[in-house]
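These notes are about the structure you will find just below.
Laboratory data are not the source of any read-out in this text; all were calculated from the coordinates shown. Not measured: the values here are computed from a predicted model. Backbone-built Cβ (ideal geometry, glycine too); neighbour counts: all protein chains shown.
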Amino acid sequence: MAQESSHAGRRAGRHRVVVIVDENSNPFELGCATEVFGLRRPEIGRDLYDFTLCSPEPCTPMRDGFFTLTSVAGLEAADSADTVIVPNRPDVDVPRRPAVLDAIRRAHARGARLVGFCSGAFTLAEAGVLDGRRATAHWQWADSFRTRFPSVRLEADVLFVDDGDILTAGGSAAALDLGLHIVRRDHGAEIANSVSRRLVFAAHRDGGQRQFIERPVPDPLDESLAPVLTWAQERLDSPLTVADLAARAAVSPATLHRRFRAQLGTTPLAWLTSQRLALACRLIERGESRFDVVAHRSGLGTATNLRALMRRETGLTPSAYRHRFG
């Protein structure tokens, strides 16, 4: 059935995502890729991607021999992919197969988008496509990565890095964050929100957030950020400041900043800006063509500020975003 879907996707002209699976690959990240890119989307009314798994061998044992993957396409499937998700696995010091590295190099040379989840950055670096580029990997391997690949600009304390045609996620769960970011980049904020609802996962965590949150278990209820986050999301069109958020939470701005860092891995201002930009994108997708109105209703102030932030975060001007996703 996977191959039938692949053929249908090519006929329909959908963006083709191919995941390369190699010996000892991690099942979790494979599942993330399948959930985000491989499922049918009846709630949207159309399928978003043509999705294929491929491997250099007919039978591929997954991590620690949990199960063996069979009946997937051969490695040549990657040669016609628009996006190639490279293998990742826990034994980062074991060299990747030359055939896999060659497939990645060919994909990069013809302009395909490359994606690495968690230790997938090691695969990309070993293929030589990350030299001089920005990337991230799981924090526990940061020192090893820098030692082996000093020419790569590793950003070890972020969820994911979007460096244009090469994107990397820092850890297993961050694969979902990066996957949704790619959907948002390809199909807009509304479609990404729909996919996130089906996943029952946060619709948008900015890539610059920290991988490691010091207190993953929230403080007692009276210190939880949830009430102030909900309050702020209902008032994004108001001129909210960090001081306003702190006053609502009945804490000092410094305490609020510490709680945001500890519980969300970001700053209050960065969170507020990301929420406003997400709202602006949704307004444009829903048909609002007056960018000064979009800027006002999303709390971004002016069309000039809207334009600057959208260029920075999406790579598109508001007009280009409307043309693509409106």
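Laid out as a table, the results:
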quantity: Segment D131-A173, length gained on full extension (0.36 nm per residue, minus Cα span); calculated: 12.6 nm
quantity: DSSP bridge pairs, the chain: antiparallel proportion in percent, nearest 5; calculated: 25 percent
quantity: Calculated FRET efficiency for the pair Q233/W139, C-beta based, R₀ 51 Å, to 0.05; calculated: 0.95
quantity: Selected from F149, F67, F51 as most flexible by GNM, with the chain as the system and alpha-carbon contacts under 10 Å; calculated: F67
quantity: Cβ crowding within 10 Å averaged over residues, with 93-101, 165-173 ranked highest first; calculated: 165-173, 93-101
quantity: Choice from A192, A135, A247 showing the highest fluctuation, given a GNM over the chain with Cα pairs closer than 10 Å; calculated: A247
quantity: log₁₀ of I(q)/I(0) at q = 0.06, 0.07, 0.10, 0.15 Å⁻¹ - the chain, Debye sum with one point per alpha carbon; calculated: -0.22, -0.31, -0.62, -1.27
quantity: Inter-site label distance for S252 and E288 at 7 Å from Cα along Cβ, in nm; calculated: 3.7 nm
quantity: Two-site label geometry, H296 and E76: point separation in nm, points 7 Å out along Cα→Cβ; calculated: 6.0 nm
quantity: Cα long-axis angle, helix 268-285 against the chain (0 to 90 degrees, to the nearest 10); calculated: 80 degrees
quantity: Angle between the chain longest axis and helix 2-12 axis [Cα atoms, degrees, rounded to 10]; calculated: 60 degrees
quantity: Antiparallel bridges, percent of DSSP beta bridges restricted to segment 71-173 (to nearest 5); calculated: 25 percent
quantity: Cα→Cβ-extended label distance, 7 Å offset, between R97 and C59, nm; calculated: 1.4 nm
quantity: For segment 221-325, alpha-carbon Rg and Dmax in angstrom; calculated: 14.7, 45
quantity: Amide H contacts under 5 Å for V152, placed H, 5+ residues apart; calculated: G132
